[in-house]
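Just below is one structure, and these are the notes that go with it.
The values are calculated or read from the model by the stated rules, or taken from the named source; none is laboratory data. Quick caveat, the model's predicted, so the values are computed rather than measured. Methodologically, a virtual Cβ is constructed for each residue, glycine included, from the backbone with ideal geometry; neighbour enumeration extends over all protein chains shown. The protein model used for the area step is the full one, side chains on, heavy atoms only, and it has no ligands, DNA or RNA in it. Shrake-Rupley method; radii C 1.70, N 1.55, O 1.52, S 1.80 Å.
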2 protein chains.
Amino acid sequence: MYRNFSVVPRVMFGRGCFNQLDDVLAERRGNTHSFVVFILDEIFKGKALEGRVPQHEGDLLVHVSVVDEPKTTQIDMLVEQINSYSPVLPDAVVGIGGGSTMDIAKAVSLMLTNPGSSADYQGWDLIKNPAVYKIGIPTLSGTGAEVSRTAILTGPDKKLGINSDYTLYDQMMLDPELIKDVPKEQWFYTGMDCYIHNIESLHGTHLNAFSKAYGEKSIDLCRQVFLEDHHDRDDKLMMASLFGGMSIAYSQVGACHALSYGLSFVLGTHHGLGCCITFDYLEEIYPEGVAEFRKMMQRHDISLPRQLTRGLSDAQMDTMVKVALNLEPLWENCFGKQWRDIMTYEKTMKLFQKM
Amino acid sequence: MYRNFSVVPRVMFGRGCFNQLDDVLAERRGNTHSFVVFILDEIFKGKALEGRVPQHEGDLLVHVSVVDEPKTTQIDMLVEQINSYSPVLPDAVVGIGGGSTMDIAKAVSLMLTNPGSSADYQGWDLIKNPAVYKIGIPTLSGTGAEVSRTAILTGPDKKLGINSDYTLYDQMMLDPELIKDVPKEQWFYTGMDCYIHNIESLHGTHLNAFSKAYGEKSIDLCRQVFLEDHHDRDDKLMMASLFGGMSIAYSQVGACHALSYGLSFVLGTHHGLGCCITFDYLEEIYPEGVAEFRKMMQRHDISLPRQLTRGLSDAQMDTMVKVALNLEPLWENCFGKQWRDIMTYEKTMKLFQKM
């Protein structure tokens with residue numbers, strides 16, 4: 001049985017296309033009492049981009065902190081805030097920011113139409129009702145969150161996405177100008193999220209020609225961005241992120257993502273950084289990928305934090321291992337059905353102890 | 001202003017995925033009086049594939065001849081046939097065949113919900129009402145028709161597509177097994193349609209990083225298919241076709257497609273073959289592309305028909321030139337806004353006289 005893969009049905013790509021957001025929303029706006037919710041990374045508070053958000057009277061602009069990875073409690077509070085702002089549903093939810101903001105906006109628009117807490121929906125295909133119409137506008141590239149069918153959240157007892165076809169954006173607007181001012185470290189870590197997930201996808205046991213075509217071109221673009229000099233590197237990175245996300249269609253991420261989830265769950269490490277820290281210890285599984293990744297680090301003068309797990313309690317280490325090993329589809333993609341024989345509790349613990 | 005590009009929202013890819021068509025349709029089937037229309041290339045009449053069509057009681061299976069390129073009169077007759085078959089609209093229209101069949105099924109599902117003749121809608125964004133839900137299942141790869149927003153038809157006075165967002169399929173099912181028995185010439189000509197339109201797109205003045213990423217990977221796959229040996233060449237060609245189609249998002253085809261439209265309009269030459277015949281005379285515009293194309297021809301022992309326009313009347317030659325030059329966006333993509341200074345009536349005529 002093949003997956004029937006859902007794709008974000010409308011895409012706008014181009015330098016400055018953010019300026020067309022008002023036109024895109026115009027098709028969605030209802031009567032005079034209706035409104036749009038803009039979810040903006042608080043880093044843009046008072047910045048030029050905030051001034052360019054096409055806010056109409058009655059619209060709600062919410063700043064979100066992404067200092068921590070998105071939490072189910074944060075989603076539930078945002079939904080409550082919107083529900084108490086208006087008795088009617090918004091015409092649209094627009095997410096503007098990096099991967100965390102992308103995921104927050106997705107989760108919020110889902111939870112506006114699905115009862116209960118977002119923690120109830122962490123898993124696969126648990127969502128019952130279509131979300132409020134939503135637009136994703138990334139200001140950081142690499143996560144693939146703009147195109148994925150998941151919204152990754154840290155809940156009371158796990159870090160796991162709300163995976164469903166309803167999670168997908170209805171529209172994405174990819175404006176390479178929006179990523180030009182990202183600080184170097186963040187640019188690198190997030191870009192590496194994309195590079196690493198291509199390595200994992202192409203190395204995976206689920207791979208077919210669809211995922212391979214997207215993954216190979218995404219890696220090619222990552223190489224151009226991180227190992228060469230191109231005047232349009234922002235455009236290329238945006239496409240790399242999109243293609244990397246599409247590559248997941250008939251594949252999966254693998255060992256690095258699984259381990260980084262464990263790390264992030266216990267330490268709160270941001271996803272891109274967590275992937276980089278973890279990947280650096282996975283030479284045995286992905287020898288060529290890790291070698292090239294180190295070249296990229298060197299070229300951009302990146303040094304990774306070390307000894308992060310030193311001083312953690314046994315209970316914390318145990319949780320880290322368990323959260324990582326809980327991601328069965330990722331391990332299966334990496335090692336096949338017999339993955340448990342290879343990636344034992346002890347082996348996983350040893351890897352984390354090195355980090 | 002950037003185009004807000006619509007994408008086929010659901011994709012299934014994989015060897016044998018045709019077997020899942022019944023499941024996909026199950027989600028769409030209404031009450032007991034409802035029905036599905038299957039539009040099947042008549043080449044499959046009595047063949048194994050026809051036996052695999054998941055026909056339920058009351059469904060309508062129509063064989064279509066694609067000996068000639070699709071005509072507006074053919075579409076209008078099919079719509080009449082479906083309307084007299086049932087007073088209610090079908091739940092779905094499923095097109096199974098090559099590019100012509102893909103376009104016929106698209107046009108039929110549009111014309112079931114839009115009044116008048118299909119000839120009234122040849123052009124850009126003239127369709128007013130959403131089409132009947134439609135599924136495209138290609139059995140030939142290269143045209144990109146499975147993913148394009150056009151249904152190219154020969155009408156009373158022009159060969160021109162019904163271009164609209166409503167023209168897009170709602171679902172495509174890409175099963176590489178379906179293209180394995182295509183006769184060599186047809187396989188080659190249709191594959192070259194893809195190769196050529198990538199050359200045109202990448203050479204175009206409208207190009208951006210989005211279209212470039214898709215076009216480059218599509219060409220890479222075409223090279224693997226036509227210049228190398230791969231066990232999964234059918235899978236690769238299917239992906240090349242899809243990516244070639246996506247590359248058109250922010251680009252356009254160019255000189256070769258424009259000229260081949262003129263040729264087809266007057267002589268009825270099939271699109272893939274028409275593109276090959278024309279491309280062979282465009283060394284001046286696409287020198288590297290034409291050189292590589294000839295290598296591909298040689299490798300597959302293809303010889304093109306010659307002297308096709310010999311013996312045509314002045315009026316026929318005049319029509320051929322006018323139909324070709326009428327495709328302004330294609331010429332503009334090729335040569336920029338000043339294209340009329342380069343591609344004069346006389347120059348176009350001389351090219352056709354050589355063919």
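Could you say which residue among A:Leu160, A:Leu140 is closer than 25 Å to B:Ser6 by Cα and open to solvent by less than 30 Å² (accessible area, probe 1.4 Å)? Step through it out loud before you land on a result.
Details: A:Leu160 fails: closer than 25 Å to B:Ser6 by Cα.
Criteria check complete, one pass: A:Leu140.
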Q) Has the stretch A:117-127 got at least one residue that is closer than 27 Å to A:Asn19 by Cβ, open to solvent by less than 10 Å² (accessible area, probe 1.4 Å) and at pLDDT 95 or above? A) no
Q: Mind listing just one residue for me: the one in the stretch A:89-106 that is of a type in the set (A, V, I, L, M, F, W, C) and in contact with a strand residue (DSSP E or B) (Cβ under 6 Å, 6 or more places away or on another chain) and, of those, surrounded by the fewest Cβ atoms within 10 Å (Cβ to Cβ)?
A: A:Ala92
Q.
Against the condition surrounded by fewer than 17 Cβ atoms within 10 Å (Cβ to Cβ), of a type outside the set (Lys, Arg), away from every other protein chain (no Cβ under 12 Å) and farther than 21 Å from B:Tyr214 by Cβ, how does B:Asn31 come out, does it pass?
A. yes
Q.
For the stretch A:169-187, give me each residue that is under 16 Å from the mean Cα position of the chain (by Cα) and part of a helix (DSSP H, G or I).
A. A:Ile179, A:Gln186, A:Trp187
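Going through the stretch B:4-28 one residue at a time, which ones are basic (Lys, Arg) and either facing chain A (nearest Cβ under 7 Å) or loosely packed, with under 15 Cβ neighbours inside 10 Å (or both)? Walk me through how you get there before you give the answer.
At the first step, the residues of the stretch B:4-28 found to be basic (Lys, Arg) are B:10, B:15, B:28.
Across the stretch B:4-28, the qualifying residue is only B:Arg10.
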Q: Please enumerate the residues belonging to the stretch B:122-168 that are over 24 Å from B:Val67 (Cβ atoms) and of a type in the set (Ser, Thr, Tyr).
A: B:Tyr133, B:Ser164, B:Tyr166
**Q.** Test for A:Ser211: is it at the interface with chain B (Cβ under 9 Å from one of its Cβ atoms), hydroxyl-bearing (Ser, Thr, Tyr) and open to solvent by less than 10 Å² (accessible area, probe 1.4 Å)
**A.** yes
Q) Across the stretch A:171-193, what is the total count of residues that are open to solvent by less than 20 Å² (accessible area, probe 1.4 Å) and within 14 Å of chain B (Cβ to nearest Cβ)? A) 7
